[in-house]
1. Residue check: is E41 modelled with pLDDT under 95 and not in a strand (DSSP E or B)?
2. Filtering the range 57-68 down to residues that are touching a strand residue (DSSP E or B) at 6+ places or on another chain (Cβ under 6 Å) and among the polar types (S, T, N, Q), which residue is nearest to the ligand (Cβ to nearest atom)?
3. Could you tell me whether the range 203-216 includes any residue that is under 21 Å from L78 (Cα atoms) and touching a Ser or Thr at 6+ places or on another chain (Cβ under 9 Å)?
4. Please name all residue pairs, on different chains or six or more residues apart, with Cβ atoms under 7 Å, provided the first residue is in the range 82-108 and is over 21 Å from F164 (Cβ atoms) and among the hydroxyl-bearing types (S, T, Y) and the second residue is within 12 Å of the ligand (Cβ to nearest atom) and not in a strand (DSSP E or B).
5. Restricting attention to the range 15-31, does a residue exist that is part of a helix (DSSP H, G or I) and either polar (S, T, N, Q) or farther than 23 Å from R124 by Cα (or both)?
6. Right, L78: within 12 Å of the ligand (Cβ to nearest atom), of a type outside the set (S, T, N, Q) and more than 19 Å from V194 (Cα to Cα) or not?
7. Only one of these is within 25 Å of E56 (Cα to Cα), more than 12 Å from the ligand (Cβ to nearest atom) and assigned to a helix (DSSP H, G or I): L143, L116, L162. Name it.
Amino acid sequence: MKNKQKAALEYELISTEDGSSSLRDLQTGETFHSTHGALTESQLVFIQNGLEYLIEKESIRTINLLEIGFGSGLNALLSLSVAKIRSIQINYTAIEAFPLRSEQVEKLNFVDQHLLEPFKSEFRDFHSSEELEKSFCEGLFHLKKMKVDLLAFEPAKSHFNLIFFDAFSANVQPELWTKEVFQKLFHSLKSSGVLVTYSAKGIVKTALRDSGFIVERLTGPPGKRHVIRALKSNFSEA
Ligand SMILES: C[S@@+](CC[C@H](N)C(=O)[O-])C[C@H]1O[C@@H](n2cnc3c(N)ncnc32)[C@H](O)[C@@H]1O
């Protein structure tokens, strides 16, 4: 485990095709985001397909959100900007087994982008310690970042409205994309809850369906044909 943790901290900074940066794990070759565009991918897969979808569909003003794999904090930063722009409350719980150090994220250029530029100090705060509980934007965005392995994580039942499932791919971490893991997450969602993820691999869809989710295949960002939105129940028919 010691070796695994040490190795997991070896990353290189990369530039993706939309100009936003990302990180590559030197041991596995896995990148934190799509090389076709980190920001473009996060914006579509997690914000548009998950957060914006839920806000429109459910008209809710308070969202309990769980992220699996906090990583660089890009999804959290984009969610914070949505909370601020739409004036909604987001309680953002994120788990991360190998938190990045501040010097590993300082060259990421997310806060140079127009939309995220106002949130430079918030982004710095996100990475100020391995674990964190802090409110931002006059309390509209509450972040609880926990250093915990997904396999050991015991989420509260029927608590979350939305899950961002952003683990490394099933090619390198198949143990995270299983029926058992998705069942645990299924039970942590409220009845109208939604899980979004970037992977539409057959084994991922099967594991999601076997754990009770209704799986929707959506058009992916550049370089990816499909991505997934999984619903706990078909509330649109309710
Ligand atoms: C695809 S990257 C995350 C991307 C991240 N959401 C972002 O925007 O930068 C996957 C993340 O999952 C973390 N991770 C790997 N194994 C994990 C585990 N067993 N439990 C929780 N997090 C894990 C990695 O350290 C990495 O930060």
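The values are calculated or read from the model by the stated rules, or taken from the named source; none is laboratory data. As the structure is a prediction and not an experimental result, all values here were calculated from the model. A quick note on method: Cβ atoms are made from the backbone with ideal geometry, for glycine too, and the neighbour counts reach across all protein chains shown.
1. Values: modelled with pLDDT under 95: no; not in a strand (DSSP E or B): yes.
Against the criterion (modelled with pLDDT under 95 and not in a strand (DSSP E or B)), E41 does not qualify.
2. The extreme case among them is N64.
3. Going residue by residue through the range 203-216, those that are under 21 Å from L78 (Cα atoms) are none.
Checked against the condition, which is being under 21 Å from L78 (Cα atoms) and touching a Ser or Thr at 6+ places or on another chain (Cβ under 9 Å), the range 203-216 yields no hits at all.
4. S102/H127
5. Looking only at the range 15-31, we keep the residues that are part of a helix (DSSP H, G or I), and these are none.
Checked the range 15-31: no residue is part of a helix (DSSP H, G or I) and either polar (S, T, N, Q) or farther than 23 Å from R124 by Cα (or both).
6. On the way: within 12 Å of the ligand (Cβ to nearest atom): yes; of a type outside the set (S, T, N, Q): yes; more than 19 Å from V194 (Cα to Cα): no.
No.
7. On the way: L143 fails: assigned to a helix (DSSP H, G or I); L162 fails: assigned to a helix (DSSP H, G or I).
Every option except L116 fails the conditions.
Listed here are the residues, each with its yes/no results for (1) within 14 Å of the ligand (Cβ to nearest atom); (2) surrounded by 22 or more Cβ atoms within 10 Å (Cβ to Cβ); (3) not hydrophobic (A, V, I, L, M, F, W, C).
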site: S21; (1), (2), (3): yes, no, yes
site: D25; (1), (2), (3): yes, no, yes
site: G29; (1), (2), (3): yes, no, yes
site: H36; (1), (2), (3): no, no, yes
site: I47; (1), (2), (3): yes, no, no
site: I55; (1), (2), (3): no, no, no
site: F70; (1), (2), (3): yes, yes, no
site: L74; (1), (2), (3): yes, yes, no
site: N109; (1), (2), (3): yes, no, yes
